[in-house]
Amino acid sequence: MAKKASVKDVRRTNRALILRHLLLNGPTSRSEIGAATGLSAATVTSVVNGLLAEGVVKGDGFLESDGGRPRAILAIDPDGAWVIGADISESLVRVELFDLTLSSLAAREYPFEDRHLETSRVREILRDATRELLDEVGGDRFRMLGLGLGVPGIVEGPTGDSDDAIIHADVIGWHSVDLAGLTDDLGFPVYIDNGAKTTTQAESWLGSARGLAHSIVVLIGEGVGAGIVTDGRLYRGSSSSAGEWGHTKISFDGPSCRCGSRGCVETFVGASAVLARWNGTDIWNGREADGIEALFTARRAGDDAAAHAVQTLIDQLGLSLANLVNLYNPQKIIVGGWFGDRIATDLLDELRAATRAYALEQPGNEVVLARSKLGQDAVALGAATLAIDRFVETGWPN
């Protein structure tokens, strides 16, 4: 027999419904909250009064109505709480402080070389960045909800407790590592998830996937990944490794992949793979962004080898996206990541055509391909949502 929900459980659920509505929909009235959540006027008033007392919601003026009293408008108080989002990419750690409305307050970036990052250095960066960011804006760490961290690999275990999470991120040399004790070091909770998943949550809350029940966000850089939203929820799979699209196979005898297999999507559409196909060398090692700019410049100048490399990229990426279309039938696929953003800027029409050519006709014609609205900082932004999401569901951290 299912356990009966307690009064405390019901109150927590109602608070989460109303707080999430305010976070995702902006200023609104009590009556509009009731209509959107299905809660009674008395329940809305009780929960809102609690949120006002917590300092996370504020009055935001009045809206005139036809024939009746003006309606009081409610909004999230930006300074009601703060959160940090951090992104570990292939060559950079970005740490950003956000207010409760996810507006950026300050940021720091810490580059590293050779796609190798020691976990001791990550700890040092996060400790230093937290202190510097809070000092810069005069922040109060007692209003901090936590730090969300997006990493370029698989995260085993529950997203939320850094002591429990095991991270597999071959692209930066991490093999079954953890960041145990980081929560104690910082003085507030740490939440860890795959960078593609954090980006997908950011796109769902604030970006190109907002309001969609079925969408996919693909990140393309040196590595390749995806986040999948089904029925409005991020799909994780049985152990949270769903979305490793970059390691699905499109060739039996393709190039070797760092995962130990061959023919992975990543070995065809990752930045260094595309550059190697163009010039056959590794001269861009560590400077892939410069190499991609050189490739696109050469293509525009009429270089046949560059044109062939880019056309092959379009065909292979279109094929790989078509597999996602056929498997998941998304309404929209958002193309992001530093290389993905470059592709979407110059080649989106060609990529749409290639995807539709390889997909089944009905889902292929229905799906929309779009560039990310959030840009390359979406991983840190999405990581920040991890702490806010936990706050919505469970309240203030202990």
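Tell me, yes or no, whether region 303-313 has at least one residue that is surrounded by 14 or more Cβ atoms within 10 Å (Cβ to Cβ), closer than 14 Å to Leu347 by Cα, modelled with pLDDT of 95 or more and of a type in the set (Val, Ile, Thr).
Yes, region 303-313 has at least one match.
Aliphatic (A, V, I, L, M), more than 21 Å from Gly232 (Cβ to Cβ), surrounded by 19 or more Cβ atoms within 10 Å (Cβ to Cβ) and under 24 Å from the mean Cα position of the chain (by Cα): is that true of Leu347 in this structure? Steps first, please.
Values: aliphatic (A, V, I, L, M): yes; more than 21 Å from Gly232 (Cβ to Cβ): yes; surrounded by 19 or more Cβ atoms within 10 Å (Cβ to Cβ): yes; under 24 Å from the mean Cα position of the chain (by Cα): yes.
Spelling it out, Leu347 is indeed aliphatic (A, V, I, L, M), more than 21 Å from Gly232 (Cβ to Cβ), surrounded by 19 or more Cβ atoms within 10 Å (Cβ to Cβ) and under 24 Å from the mean Cα position of the chain (by Cα).
Taking the condition of being at negative phi and without any contact (Cβ under 8 Å) to a residue 60 or more places away in the chain, how many residues in region 365-393 meet it?
So the first thing to find is which residues in region 365-393 are at negative phi, and the list is 365-374, 376-393.
Now narrow it down to the ones that are without any contact (Cβ under 8 Å) to a residue 60 or more places away in the chain: 365-369, 376.
Result for region 365-393: 6.
When only residues in region 136-150 that are at pLDDT 90 or above and not hydrophobic (A, V, I, L, M, F, W, C) count, which is most open to solvent (accessible area, probe 1.4 Å)?
Glu136
Counting just the residues of region 20-31 that are part of a helix (DSSP H, G or I) and not small (Gly, Ala, Ser), which one comes out surrounded by the most Cβ atoms within 10 Å (Cβ to Cβ)? Outline the logic, then answer.
So in region 20-31, the residues part of a helix (DSSP H, G or I) come out as 20-25, 30-31.
Among the residues that remain, those that are also not small (Gly, Ala, Ser) are: 20-25, 30.
On the way: Arg20: 16, His21: 16, Leu22: 23, Leu23: 20, Leu24: 14, Asn25: 11, Arg30: 18.
Here the residue is Leu22.
Taking the conditions exactly as written (surrounded by 18 or more Cβ atoms within 10 Å (Cβ to Cβ) and modelled with pLDDT under 95), does Ile73 satisfy them or not? Show your work before the answer.
Working: surrounded by 18 or more Cβ atoms within 10 Å (Cβ to Cβ): no; modelled with pLDDT under 95: yes.
No, not satisfied.
Residues of region 234-255 being in contact (Cβ under 8 Å) with a residue 40 or more places away in the chain, closer than 24 Å to Ser204 by Cβ and surrounded by 15 or more Cβ atoms within 10 Å (Cβ to Cβ), which ones? Explain how you work it out, then say what you get.
Taking region 234-255 first, the residues in contact (Cβ under 8 Å) with a residue 40 or more places away in the chain are 239-241, 243-245, 248, 250.
Then keep just the ones that are closer than 24 Å to Ser204 by Cβ; that gives 239-241, 243-245, 248.
Within region 234-255, Ser240, Ser241, Gly243, Glu244, Trp245, Thr248 qualify.
Is region 32-48 home to any residue that is modelled with pLDDT under 95 and assigned to a strand (DSSP E or B)?
So far as region 32-48 goes, no, none of its residues is modelled with pLDDT under 95 and assigned to a strand (DSSP E or B).
Anything in region 367-381 that is open to solvent by less than 30 Å² (accessible area, probe 1.4 Å) and modelled with pLDDT of 90 or more? List them, or say none.
If the condition is that a residue be open to solvent by less than 30 Å² (accessible area, probe 1.4 Å) and modelled with pLDDT of 90 or more, then Val367, Leu369, Ala370, Ser372, Ala380, Leu381 are the ones that fit.
Would you check which residues across region 277-302 are open to solvent by 60 Å² or more (accessible area, probe 1.4 Å), acidic (Asp, Glu) and part of a helix (DSSP H, G or I) and list them?
Asp290, Glu293
From the list Gly286, Gly280, pick out the single residue that is in contact with a Lys or Arg (Cβ under 8 Å, 6 or more places away or on another chain) and on the phi > 0 side of the Ramachandran plot.
Details: Gly280 fails: in contact with a Lys or Arg (Cβ under 8 Å, 6 or more places away or on another chain).
Unique residue meeting the criteria: Gly286.
Kindly provide the set of residues from region 260-272 that are surrounded by 15 or more Cβ atoms within 10 Å (Cβ to Cβ) and either outside any helix (DSSP H, G or I) or free of Cβ contacts under 8 Å to residues at least 60 places away in the same chain (or both), ordered by number.
The answer is Gly263, Cys264, Val265, Glu266, Thr267, Phe268, Val269, Gly270, Ser272.
Conditions (1) open to solvent by less than 20 Å² (accessible area, probe 1.4 Å); (2) of a type in the set (A, V, I, L, M, F, W, C); (3) within 24 Å of Gly364 (Cα to Cα), marked per residue:
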site	(1), (2), (3)
His175	no, no, no
Gly195	yes, no, no
Ala209	yes, yes, yes
Ala213	no, yes, yes
Ile216	yes, yes, yes
Gly223	yes, no, no
Gly232	no, no, yes
Cys257	yes, yes, no
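Please determine whether any residue of region 253-269 is touching an Asp or Glu at 6+ places or on another chain (Cβ under 6 Å) and within 23 Å of Ala380 (Cα to Cα).
no
The values are calculated or read from the model by the stated rules, or taken from the named source; none is laboratory data. Just so you know, these numbers come straight off a predicted model, no measurement behind them. All Cβ positions, glycine included, derive from the backbone under ideal geometry; neighbour counts span all protein chains shown. All accessible areas refer to the heavy atoms of the entire protein, side chains included, with ligands and DNA or RNA removed. Shrake-Rupley method; radii C 1.70, N 1.55, O 1.52, S 1.80 Å.
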